[in-house]
Amino acid sequence: MASGALHDVAASSTRSSADERIVFARELPRGSDETFTFTANTDGSGMKRLYRAGPSGSAHWSPDGRSVAVNAACTDGQENCAFTIVDANTRRFRQVKMRDPGLFTACVVWSPDGRRFACGGYGEPDATRNGIYTLRTSDGRGLVRVTRPHGFDEPGDYSPRGTHLVFARFSKDEKPLGLFVVRTNGRQLRRIAPAAPQLSSGDWSPSGNWILFARRVSAQVHNSLWVVHPDGSGLRELRLQGVPPCGGQLSAPGARGCIHPRWSPDGTKITFDIATPRGAGEVENIYIANADGSGVTQVTRGGWEDDAPDWGRRR
């Protein structure tokens with residue numbers, strides 16, 4: 001597998017496309033630790049709150065662009081919803097509760113055909129049940145276990161053909177152990193990026209050639225963006241061009257971190273958020289860029305904390 005220039009890069013502009021939108025979480029009010037799901041055009045216009053029934057986060061567009069999956073409490077006040085699916089146009093939503101009372105499943109990662117979710121599973125109270133599971137998006141049934149960690153696993157994305165998953169693995173005390181790839185039947189587990197003080201769960205490029213993620217290479221620096229091939233080769237930092245870099249020393253004035261990166265639907269661009277320290281906290285805003293790090297454009301602005309973006313194509 002080639003390890004040179006990013007295979008998904010095309011000579012492209014970061015102009016807004018009328019049929020594409022960014023979905024993201026906005027903390028309201030700031031400092032409250034509660035987030036709400038919003039969407040906006042890729043130039044920041046047309047912003048609206050998508051899920052209106054309460055706090056939500058970890059939003060992911062469906063492959064067909066019609067829906068968004070979010071983590072949210074059930075509207076009956078219970079915390080046992082496996083997933084919430086919101087219609088991107090009407091904002092109507094459907095919730096499905098967890099089928100196994102001894103297993104908490106948080107499901108937002110769509111399979112390429114839209115028929116299954118990959119879920120972070122947490123045994124309650126039996127931690128030996130922790131791991132990644134998949135289930136049907138139609139009814140929450142058809143539970144299949146994929147991984148069996150000693151700590152816990154956080155699913156990132158399916159491969160374009162739906163045969164593999166990329167995920168971040170953590171120890172029992174929540175230390176990142178590395179980025180991994182596994183077949184959806186649980187076989188051929190391999191680590192593709194080493195342990196780090198912080199690590200995101202990874203996003204697979206539409207071509208299948210690259211996995212995009214964020215990590216801190218040491219405890220003294222901020223997060224920066226990285227890419228790696230699915231076989232673990234070609235690991236390298238993705239530098240943003242024409243703007244202050246991410247990943248600088250925590251102690252450096254104006255240093256910032258890039259986190260939560262995701263590919264655009266055609267693989268020519270990426271979206272991510274940049275966290276900039278301010279006072280006792282930090283400000284986060286959503287950005288987009290070409291896949292080679294050029295053409296960086298800010299999507300959201302102000303004193304909000306906007307994070308965890310996903311780039312979808314509306315239908």
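The values are calculated or read from the model by the stated rules, or taken from the named source; none is laboratory data. Worth saying up front: this structure is predicted, and the values here are computed from it rather than measured. No Cβ is skipped: glycine too gets one built from the backbone with ideal geometry, and neighbour counts run over all protein chains shown. These area figures cover heavy atoms from the full protein model, side chains too; ligands, DNA and RNA do not enter into them. Shrake-Rupley method; radii C 1.70, N 1.55, O 1.52, S 1.80 Å.
Calculated accessible area for the chain comes out at 44 Å² per residue, all protein chains present (probe 1.4 Å; ligands, DNA, RNA ignored). Nonpolar atom fraction for segment 191-315, defined as the carbon and sulfur part of the 1.4 Å probe accessible area, stands at 49 percent. Once P(r) over Cα pairs in 20 Å bins from 0, in percent is worked out from the coordinates, which option in [x] 24, 46, 24, 5, 0; [y] 34, 62, 4; [z] 31, 58, 11, 0 does it equal? Computing P(r) over Cα pairs in 20 Å bins from 0, in percent and matching it to [x] 24, 46, 24, 5, 0; [y] 34, 62, 4; [z] 31, 58, 11, 0 gives [y].
With the cut-off at under 13 Å, measuring from each backbone N in segment 80-104 to a point 7 Å along the Cα-to-Cβ line of Ala73 picks out 80-81. Given labels modelled 7 Å from the Cα in the Cβ direction, how far is it in nm from Thr163 to Ser251? Rounded to a tenth, the inter-label distance reads 4.9 nm.
Taken along the Cα-to-beta-carbon direction at a fixed 7 Å, the label points for Leu28 and Asn185 span 4.6 nm.
Using 12 Å as the cut-off for backbone N distance, which residues of segment 44-78 belong to the label zone defined by a point 7 Å from the Cα of Asn89 along Cα→Cβ? Under cut-off, by backbone N: 65-67.
Comparing Gly151, Gly242, Gly208 in a Gaussian network model of the chain, where Cα atoms under 10 Å apart are tied by springs, the biggest mean-square fluctuation is seen for Gly242.
The alpha-carbon of Lys269 sits under 17 angstrom from the alpha-carbon of none of the lysines, leaving out residues fewer than 8 places away in its chain. Comparing Arg301, Arg256, Arg169 in a Gaussian network model of the chain, where Cα atoms under 10 Å apart are tied by springs, the biggest mean-square fluctuation is seen for Arg301.
When the accessible area of segment 89-157 is computed with all protein chains present and a 1.4 Å probe, what percentage of it is carbon and sulfur? Carbon with sulfur: 49 percent of the solvent-accessible area. Estimated at 0.36 nm per residue, the fully extended path between Glu174 and Asp19 surpasses their Cα-Cα distance by 51.9 nm.
GNM on the chain, alpha-carbon springs under 10 angstrom: the most fluctuating residue among Leu212, Leu28, Leu179 is Leu28. Evaluated with a Cβ-only charge set (Lys, Arg +1; Asp, Glu -1), segment 146-273 carries a dipole of roughly 280 debye about its Cα centre, given to the nearest 20.
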